[in-house]
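Novice: Quick one: the structure is below, questions incoming.
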Amino acid sequence: MTTTREPAGEPAALAEPAEKVGRGWTSALSLANGAIWVGWYGPLQILLASQAKDFAPGSGMSKETMLAWVTGVGAVVSLAANPVFGALSDRTTSRWGRRTPWIVAGTAGGALSLLLLAGAGGMWTMMLGWCLVQLTLNAAFAAVTAAVPDRVPRLQRGAVGGWLGAAQILGVVGGTGLATAAGGVGAGYVACAVFTALGVLPYILRYPDLRLAPAERPAWSWRGFLAGFWLSPRRYPDLGWAWLTRFLINLSNALVLLYLLYYLRDRLHHHDPEQGVLILTAVNGLTLMATVVVGGVWSDRLGRRKPFVVWSGMLMAAATALLAAWQTWPGALVAAAFLGIGFGVFTSVDFALMTDVLPKALDRGKDLGVINVANALPQVAAPALAAPIVTYLGGYRVLYLVAAVIGLAGAGLVGRIRGVD
């Protein structure tokens, strides 16, 4: 078990970590993170679409419209839930620590919500079940990510962030695989629910959390709680620039992925666009896995973050521009590979960079929740931006050029962060 050095007069839960965490702690937290992503992506990739196809006839809407409504409302719940539960975990004074109760409650609630989805009989129960999944699993996810700045010293966060990123990718693949292999929609939900619940056990059973004493918790007020979600860029400029960097690069990536199937079918005239998306996803995933841990470890050893974020962002922007300039199947394969290389480095090092610019130890969970909005918000903004570009303003070539410019802007703004080397 790892320990955290406590400076004189400073509570252990709020101290800056000094001693490195071990492989066991990192592996257990990564498994918990991957289990949460299984609970999200089994439904998102396979199960919700299958239910929408079954429920759409006679409902007065297409399966595409039904799926859009369900996932859209769930995304709104996710945007609010992550920072709120992060803030609640910051103030938790349980005997089991600040984060562990929320990991337990969130994954248990997520598993039960997935079982509710398994028995859904129509659109409204499907929407309710998915909103509950988003609500509960975001509670667990907020606590898992906050455990990193709680326990991991600054010059180890790149490596830990890399392993969490790898677990996220494996969770996406594993959730999709479980949903596919289970042999039915109901069985798929049950398989994802069981894996999500069991995946957090090694962490919560083997690694006790740091406790916050009631006397160390600030006085409660609704006004202060709600006001805390506004992190003024004027007061915390480094956090503001880091948030904007993450938002722009994730928006660029979301624009690339949103219409990939249509790009292959309508622009490249690929003979099997569904298989083409699968191949591009596999290429992207393999190159991403090859760099996500290596990039974080390298960043830790050099003690620097910004150059890695800048160059990975520039590489992703160049790969996106390649989709506009070289509109062929080989061009798409090359672009997918370089996007994976860049996004792998970005995923691990940007996570470490975000933890380095957090303003206060007392608000780590809430602040990381606000930062995580920069991951989810692009999924909402991308369709609103992409649809008019593809339809009225020049098609896919212009779309990918715009995405490249957005990504390049995100990479360039990293230089405005002054408090990190």
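The values are calculated or read from the model by the stated rules, or taken from the named source; none is laboratory data. Everything numeric in this text was worked out from a predicted model, so none of it was measured. All Cβ positions, even for glycine, are placed from backbone atoms using ideal geometry, and neighbour counts span all protein chains on display. Side chains are part of the model used for accessible areas, which takes the heavy atoms of the whole protein and leaves out ligands, DNA and RNA. Shrake-Rupley method; radii C 1.70, N 1.55, O 1.52, S 1.80 Å.
Novice: Give the carbon-plus-sulfur fraction of the accessible surface of the stretch 251-354 in %, rounded to a whole number; probe 1.4 Å, heavy atoms of protein chains only. Write down the numbers at each step before the final one.
Specialist: On the way: 3110 of 4430 Å².
Looking at the stretch 251-354 in its full context, I get 70 percent from C and S.
Novice: Would you please put 119-128, 39-48 in order of how densely packed they are, using the mean number of other Cβ atoms within 10 angstrom per residue and starting with the highest? Don't skip to the answer; put the middle values down first.
Specialist: Numbers: 119-128: 16.0, 39-48: 24.8.
The packing order, highest mean first, is 39-48, 119-128.
Novice: Any chance you could run the full-extension gain for residue 105 through residue 271? It's 0.36 nm times the residue separation minus the Cα-Cα distance, nm to one decimal. Walk me through the numbers before you get to the answer.
Specialist: Working: separation 166, 0.36 × 166 = 59.76 nm, distance 4.69 nm.
Taking residue 105 through residue 271 to full extension adds about 55.1 nm, to one decimal.
Novice: Turning to a different aspect of this structure: Quick check: from the Cα gyration tensor, does the chain come out rounded (a/c under 1.5), prolate or oblate? Please report the intermediate quantities before stating the final value.
Specialist: Working: a/c = 1.72, a/b = 1.24, b/c = 1.38.
Oblate is the answer for the chain, as a/c is 1.5 or above yet b/c matches or exceeds a/b.
Novice: Binned at 5 Å from 0, what are the whole-percent values of the Cα-Cα distance distribution for the stretch 59-218, short to long?
Specialist: All Cα pairs considered, the percentages come to 2, 9, 14, 19, 21, 15, 10, 6, 3, 1, 0, 0.
Novice: Can you tell me how the stretch 12-62 classifies by the Cα gyration tensor, rounded, prolate or oblate, using a/c under 1.5 as the rounded cut?
Specialist: Values: a/c = 8.06, a/b = 3.49, b/c = 2.31.
Verdict is prolate for the stretch 12-62.
Novice: For the stretch 42-100, which chymotrypsin sites (Phe, Trp or Tyr not before Pro) are both in a DSSP coil and crowded by at most 15 other Cβ atoms within 10 Å? Before the final figure, lay out each step's value.
Specialist: Details: sites: 55, 69, 85, 96; in loops: 96.
Loop-located and lightly packed - 96.
Novice: While we're on this one: Would you list the membrane-span-like helices of the chain, meaning whole DSSP H runs whose alpha-carbon atoms span at least 15 Å along their axis and whose mean Kyte-Doolittle value is at least -1.0? All intermediate terms of the calculation are to be shown ahead of the outcome.
Specialist: Details: long enough: 23-42 (28 Å, 0.29); 63-90 (40 Å, 0.89); 100-118 (27 Å, 1.53); 123-151 (42 Å, 0.99); 157-181 (35 Å, 0.96); 185-199 (21 Å, 1.71); 237-258 (31 Å, 0.97); 273-302 (42 Å, 0.96); 306-325 (28 Å, 1.45); 329-356 (40 Å, 1.33); 364-392 (43 Å, 0.68); 395-412 (26 Å, 1.50).
Qualifying helices, which must be both long enough and hydrophobic enough, are 23-42, 63-90, 100-118, 123-151, 157-181, 185-199, 237-258, 273-302, 306-325, 329-356, 364-392, 395-412.
Novice: Under 21 Å between alpha carbons, and skipping anything fewer than 8 positions from residue 63 in its own chain: which lysines qualify?
Specialist: Here the lysines satisfying the reach criterion relative to residue 63 are 53.
Novice: Same structure again: Given the options 159, 69, 141, identify the residue whose Cα lies farthest towards the positive end of the charge dipole of the stretch 58-168 (+1 on Cβ of Lys, Arg; -1 on Cβ of Asp, Glu).
Specialist: 159
Novice: If you don't mind, there's one more thing I want to ask. Suppose every K and R has +1 on its Cβ and every D and E has -1 on its Cβ; what is the size of the dipole of the chain about the Cα centre, in Debye to the nearest 20?
Specialist: Numbers: 31 positive and 20 negative charges, 155 e Å.
It works out to roughly 740 debye.
Novice: Turning to a different aspect of this structure: Solvent-accessible area per residue for the chain at a 1.4 Å probe radius, Å²?
Specialist: On the way: 18210 Å² over 421 residues.
So the chain comes to 43 Å² accessible per residue, rounded to a whole number.
Novice: Oh, and also: Sorted by packing (mean other beta-carbon atoms within 10 Å per residue), highest first, where do 329-335, 154-160 land?
Specialist: Highest-to-lowest ranking by the protection proxy: 154-160, 329-335.
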